[in-house]
C-alpha cells in the first residue's frame, strides 16, 4: 500500500510543473457555471420553478455537477496505455514491482487530489460571486451516500478508461472508442443538463447504466433531492464496477500473451 501512496505523491508533485493546466481546468469549471447562470437566468425570468428546481437550486446543481465532471481526469489513462502499447513501451509498467492497474489508480488519485483543491476553491468562490443561496442536504446519511457514489463513479471511469486503453492490445487504433465515450459521457452523466428534464422513459433506461450515478445522482443528493435512490444507486454502480473489473481481468489475461512490445 505504501508504494502506491508514494506514486500518488509523485504525481501530486509533478502537477506543480503544469501550472497553466490548473488555470485552464479552473477556467472550464467557471465557464460551465457562468453559462448555466446566463442560460437559466433567462429561463427563470418568467417563472419560479422548472421541473422542481428553483433558480438557486439549479445553480447549486450546476456548481456541484461541474465540480464533479472536472474532477474526473482519467481520460489520460486510456491515451497513456494505448500509446505505450502501440509504441512498444508498455513493458515499462510490466517490469516495475506494482500492479499496473493499481499504479494508474494511484496516479489518478494524485492528480485528482491536486486539481480537486483548485476546482473546489473555484466553485466555492462562485457561490459568493453569484450570491447563490446554496442548496445542500442536511441529512448526513444522504451526504455519505453521495460521497460514496462520487468515489465509485471516479473508480468506474478509471476502470472504463483503463479498459479502453487495453483495447490497443487488440486494435491498432482506439480513437473511435474514445470519441464515442467522450461525446456520450458529457450528456448522459447529466453534466450538461439535469436528466430530470428528459422524458421519464429515457430516465428509466438510464438508471440501468452506471453513468446516471456518476455525476447526476450525487449532485441531486447533495442538493437534497432523490434521497430514495441513494442506496439502490450505490448497489447498481458497485455491481457495474465489479463487472467491469472482471472484464478487465479477462481482457488483460487473454491479450497480454500477444503483446510483443520491447523497451522501457
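Tell me whether segment 151-174 contains one or more residues that are surrounded by fewer than 17 Cβ atoms within 10 Å (Cβ to Cβ), part of a helix (DSSP H, G or I) and in contact with a helix residue (DSSP H, G or I) (Cβ under 9 Å, 6 or more places away or on another chain). There is no residue in segment 151-174 that is surrounded by fewer than 17 Cβ atoms within 10 Å (Cβ to Cβ), part of a helix (DSSP H, G or I) and in contact with a helix residue (DSSP H, G or I) (Cβ under 9 Å, 6 or more places away or on another chain). Within segment 48-56, the presence of at least one residue that is assigned to a helix (DSSP H, G or I), under 18 Å from residue 134 (Cβ atoms) and touching a residue at least 60 places away in the same chain (Cβ under 8 Å) is confirmed.
Taking into account only those residues within segment 57-97 that are out of contact with any helix residue (DSSP H, G or I) (no Cβ under 6 Å at 6 or more places or on another chain) and not in a helix (DSSP H, G or I), which is surrounded by the fewest Cβ atoms within 10 Å (Cβ to Cβ)? Once the filter is applied, the top-ranked residue is 97. Tell me which residues, restricted to segment 175-190, are touching a helix residue (DSSP H, G or I) at 6+ places or on another chain (Cβ under 7 Å) and either outside any helix (DSSP H, G or I) or under 22 Å from residue 223 (Cβ atoms) (or both). The answer is 185, 188, 189, 190.
Candidates 208, 217, 221: the one that is out of contact with any strand residue (DSSP E or B) (no Cβ under 7 Å at 6 or more places or on another chain), assigned to a loop (DSSP other than H, G, I, E, B), at pLDDT 85 or above and under 19 Å from residue 238 (Cα atoms) is 208. Of note, residue 124 does not satisfy the criterion of being under 22 Å from residue 28 (Cα atoms) and either touching a strand residue (DSSP E or B) at 6+ places or on another chain (Cβ under 7 Å) or touching a residue at least 40 places away in the same chain (Cβ under 8 Å) (or both). Going by what's in this entry, would residue 194 be described as touching a strand residue (DSSP E or B) at 6+ places or on another chain (Cβ under 8 Å) and either crowded, with 20+ Cβ neighbours inside 10 Å or within 17 Å of residue 154 (Cα to Cα) (or both)? In short, yes. I'd like the full set of residues that are assigned to a helix (DSSP H, G or I) and crowded, with 16+ Cβ neighbours inside 10 Å, limited to segment 119-142. Answer for segment 119-142, where residues must be assigned to a helix (DSSP H, G or I) and crowded, with 16+ Cβ neighbours inside 10 Å: 119, 122, 123, 126, 142. Could you say whether any residue in segment 241-254 is at pLDDT 90 or above, under 22 Å from residue 68 (Cα atoms) and surrounded by 13 or more Cβ atoms within 10 Å (Cβ to Cβ)? Yes, segment 241-254 contains a residue that is at pLDDT 90 or above, under 22 Å from residue 68 (Cα atoms) and surrounded by 13 or more Cβ atoms within 10 Å (Cβ to Cβ).
Residue 44 falls short of the stated requirement of being more than 17 Å from residue 197 (Cα to Cα) and buried (at least 16 other Cβ atoms within 10 Å of the Cβ). Among the conditions (1) farther than 29 Å from residue 53 by Cα; (2) over 17 Å from the mean Cα position of the chain (by Cα), the only one that residue 180 does not satisfy is (2).
If you go through segment 224-239 and pick out every residue that is without any contact (Cβ under 8 Å) to a residue 60 or more places away in the chain and either surrounded by 14 or more Cβ atoms within 10 Å (Cβ to Cβ) or touching a strand residue (DSSP E or B) at 6+ places or on another chain (Cβ under 7 Å) (or both), you end up with 3.
When each of 35, 104, 28 is tested for being in contact with a helix residue (DSSP H, G or I) (Cβ under 9 Å, 6 or more places away or on another chain), without any contact (Cβ under 8 Å) to a residue 12 or more places away in the chain and part of a helix (DSSP H, G or I), the lone residue that passes is 35. Taken over segment 191-205, residues that are within 23 Å of residue 28 (Cβ to Cβ) and assigned to a helix (DSSP H, G or I) amount to 2.
The values are calculated or read from the model by the stated rules, or taken from the named source; none is laboratory data. The shown structure was predicted, so the numbers you read here are calculated from the model rather than taken from an experiment. All Cβ positions, even for glycine, are placed from backbone atoms using ideal geometry, and neighbour counts span all protein chains on display.
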